[in-house]
1. Can you name the number of the only condition in (1) under 16 Å from Q57 (Cα atoms); (2) touching a strand residue (DSSP E or B) at 6+ places or on another chain (Cβ under 7 Å) that S124 fails?
2. Could you look through the range 67-119, keep only residues that are among the β-branched types (V, I, T) and out of contact with any helix residue (DSSP H, G or I) (no Cβ under 8 Å at 6 or more places or on another chain), and pick out the one that is nearest to M129 (Cα to Cα)?
3. Could you pull out every one of the strands (runs of 3 or more DSSP E) wholly within the range 52-170 that has 1 or more residues that are loosely packed, with under 13 Cβ neighbours inside 10 Å and without any contact (Cβ under 8 Å) to a residue 60 or more places away in the chain?
4. Consider only pairs whose beta carbons are under 9 Å apart and that are at least six residues apart or on different chains; among these, list those whose first residue lies in the range 23-43 and is touching a residue at least 12 places away in the same chain (Cβ under 8 Å) and whose second residue is aromatic (F, W, Y) and surrounded by 10 or more Cβ atoms within 10 Å (Cβ to Cβ).
5. Output yes when any residue across the range 125-132 is at pLDDT 90 or above, among the basic types (K, R) and either touching a Pro at 6+ places or on another chain (Cβ under 8 Å) or over 16 Å from I94 (Cβ atoms) (or both), and no when none is.
Amino acid sequence: MNKPFDVAQGKGFSLLETTIAIAILVSAIIGPMALSSQSIRSASVAKNTITASNLAQEGLELVKNIRLNNRLSDPKKNWMNGLATCGSANGCFIDPKDLTVGACSANCAPLQFDDTLDLYNYDSGLDTMFVRIIRTSDVGSDEVKVSSSVRWSDRFGNHDFTLSTSMLDW
């Protein structure tokens, strides 16, 4: 009469079979975990890049706004009036709340986010990881190249996003 679990007849699992089964199980778990970890990293970098691109675009729009205000207030006024500090090597910052222009020293101040206004600015709110630097350079008598760079550091490294445009005196 045969017993169903008789060890003497060699019906149990060997150490090799058990090791292979555990290896298959571990690889089936590690693969999706690595994929989800990479997805979380990509989502975080994408979110911050979108924010940085919007902040860089806003920097260009702030310069355009100052140019327009100069022309509307006095057509004889220099169209780049108030933006001289942006031509320095360190660049400048422009506060979107009141269009004040300030020179950046060795490092520009980080943008702050005001929850009540839902606005990035330099005056109120909590510091963020984003730093915006606006630079201008004369191309000709009636043309200026403007660049707006946003830098940030997170747990995935240092990042930089820059937009540039040419502005004309009109």
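1. If we test S124 against (1) under 16 Å from Q57 (Cα atoms); (2) touching a strand residue (DSSP E or B) at 6+ places or on another chain (Cβ under 7 Å), just (1) comes out false.
2. Among those that are among the β-branched types (V, I, T) and out of contact with any helix residue (DSSP H, G or I) (no Cβ under 8 Å at 6 or more places or on another chain), it is T116.
3. 131-140, 143-154, 157-168
4. R41/F156
5. no
The values are calculated or read from the model by the stated rules, or taken from the named source; none is laboratory data. Values in this document were obtained by computation on a predicted structure and should not be read as measured data. Cβ: placed from backbone, ideal geometry, glycine included. Neighbour counts: every protein chain shown.
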